[in-house]
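Worksheet: the structure to be examined is printed underneath.
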Amino acid sequence: MTSPTQAATAQADNPGPDAESLSKEQTAGSGGQLAGRSPGQLMWLRFKRDRVGVISAFVVIFFFLIAALAPVISWLYGKDPYTLYGQETYELLDEFGFPAGPNGGMSSEHWFGIEPDLGRDVFMQLLYGMRTSLYTALPVTILMVVTGVLIGLVGGYFGGKVDYWIGRVTDFMMALPSQLTLIAAMPVVVAVFVRPTDETPVYVRASAIIVVLWVLGWMGMARLVRSQALTLREREFVEAAKVSGASPWRIIRKELLPNLVTPILVQATYMLPSTILSVAFLSYVGVGYVEPTPDWGRMFRTAADVYQNDPTYMFFPGVTMVIFVVAFNLLGDSVRDAFDPKSGR
């Protein structure tokens, strides 16, 4: 039998793969000195080891690149999302207005087929709809995150009556039925800027969507940041900053906010796909983007009317949205695990 001393000696002479990889990560240079790493570097190393997170990040980046390069792809493809190809070439649609070719009219000319009735190119509708959804959801998410962080930090740090009244306003906003409030508020906001007899410009409709979603969407971030700030304000480093004479704004900016980056970033990665679904919902019920603006929600609304005769038309926007939402949610999980390895899935 091998004694414990001999076993320990053998293990030291032949370290396992984990010990070898750890040694390589902790040493740098020919002198073998320990290499110090910042929390950001450690987070990045943990994230790179997560294959699901890396793949999800590539999928999300791919979606953003496709949305940004939609005009270039349209020029190379030779089609646009507005031309009524079915009206120009009559053999593309049958007498009932549905694509005459198989699988929704998919061909070498129209890769994803054509839209029923109007005959627009589905591939271009999908790309520009992705562009519309992302370009609308991104500023909404930024506004919601900034507003929620500011309100949550102020309420959590100051406490007392400030926190009480901020909490009551937040509770009131969260008590509103979100979907019904969105549907009711959109026409009102648009009517403030455009007369009922005039056609609503796209930028006005986009601005109204951003404002409504922003006003109704910051509360979750505010509650999260407030709860974290209530805990952090009792810590020693905050008390030390108060004793040193630092102003409340400096304490919030220099002491509290840097320690809240992780929950804020993770929550933001969950808010963006949720906002995209909200934008699509508004268009689906007819109070968001309308014809001829390409949008995922408007495509779903058309698909709901024609799915029995043309199920292919619903396939592409449905699969695209599912892939994007799932990838972004998995990315949020991976970012959370990279920042906090103890929260493993």
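A compact table of results
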quantity	calculated
Residue within segment 330-340 that is under 15 Å from the mean Cα position of the chain (by Cα) and modelled with pLDDT of 85 or more present	yes
Qualifying residue in segment 279-288 (condition: open to solvent by 20 Å² or more (accessible area, probe 1.4 Å), in contact (Cβ under 8 Å) with a residue 60 or more places away in the chain, within 22 Å of the chain's Cα centre (by Cα) and within 30 Å of residue 231 (Cα to Cα))	no
Test set (1) open to solvent by 50 Å² or more (accessible area, probe 1.4 Å); (2) under 24 Å from residue 123 (Cβ atoms) - residue 255 fails condition number	(2)
Flag if residue 172 is closer than 24 Å to residue 136 by Cα and without any contact (Cβ under 8 Å) to a residue 24 or more places away in the chain	no
Hits in segment 216-234 (condition: out of contact with any helix residue (DSSP H, G or I) (no Cβ under 6 Å at 6 or more places or on another chain), open to solvent by 60 Å² or more (accessible area, probe 1.4 Å) and in contact (Cβ under 8 Å) with a residue 40 or more places away in the chain)	223
Of residues in segment 142-179 being surrounded by 13 or more Cβ atoms within 10 Å (Cβ to Cβ) and of a type in the set (Phe, Trp, Tyr), the one nearest to residue 224 (Cα to Cα)	157
Residue check for residue 90: hydroxyl-bearing (Ser, Thr, Tyr) and in contact (Cβ under 8 Å) with a residue 12 or more places away in the chain	no
Flag for residue 325 being without any contact (Cβ under 8 Å) to a residue 60 or more places away in the chain, surrounded by fewer than 21 Cβ atoms within 10 Å (Cβ to Cβ) and in contact with a helix residue (DSSP H, G or I) (Cβ under 6 Å, 6 or more places away or on another chain)	yes
When residues of segment 81-111 are limited to those that are of a type outside the set (Ser, Thr, Tyr), open to solvent by 50 Å² or more (accessible area, probe 1.4 Å) and not in a helix (DSSP H, G or I), the one farthest from residue 314 (Cα to Cα)	95
Total residues in segment 112-145, condition basic (Lys, Arg) and over 27 Å from the mean Cα position of the chain (by Cα)	1
Complete set of residues in segment 39-72 that are open to solvent by less than 60 Å² (accessible area, probe 1.4 Å), assigned to a helix (DSSP H, G or I) and at pLDDT below 85	40, 43, 45, 47, 53
Residue match in segment 331-339 (condition: open to solvent by 30 Å² or more (accessible area, probe 1.4 Å), out of contact with any Lys or Arg (no Cβ under 7 Å at 6 or more places or on another chain) and in a loop (DSSP other than H, G, I, E, B))	no
Selection within segment 268-278 - more than 13 Å from residue 331 (Cβ to Cβ) and either of a type outside the set (Val, Ile, Thr) or over 10 Å from the mean Cα position of the chain (by Cα) (or both)	274, 277, 278
Any hit, segment 118-138, residues being aliphatic (A, V, I, L, M), without any contact (Cβ under 8 Å) to a residue 24 or more places away in the chain and open to solvent by 40 Å² or more (accessible area, probe 1.4 Å)	no
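Results for (1) touching a helix residue (DSSP H, G or I) at 6+ places or on another chain (Cβ under 8 Å); (2) at pLDDT 85 or above; (3) not polar (S, T, N, Q), shown as yes or no for each residue.
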site	(1), (2), (3)
91	no, no, yes
95	no, no, yes
107	no, no, no
128	yes, yes, yes
136	yes, yes, no
159	yes, no, yes
164	no, yes, yes
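Listed here are the residues, each with its yes/no results for (1) open to solvent by 10 Å² or more (accessible area, probe 1.4 Å); (2) of a type in the set (S, T, N, Q); (3) within 30 Å of residue 191 (Cβ to Cβ).
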residue	(1), (2), (3)
290	yes, no, yes
296	no, no, yes
299	no, no, yes
308	yes, yes, no
313	no, no, no
317	no, no, yes
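The values are calculated or read from the model by the stated rules, or taken from the named source; none is laboratory data. Small disclaimer: the values here were computed from a predicted structure and weren't measured. For neighbour counting, all protein chains shown are included, and Cβ atoms are generated from backbone atoms with ideal geometry for every residue, glycine included. Just so you know, the surface numbers come from the protein's heavy atoms only, side chains and all, with ligands and any DNA or RNA stripped out. Shrake-Rupley method; radii C 1.70, N 1.55, O 1.52, S 1.80 Å.
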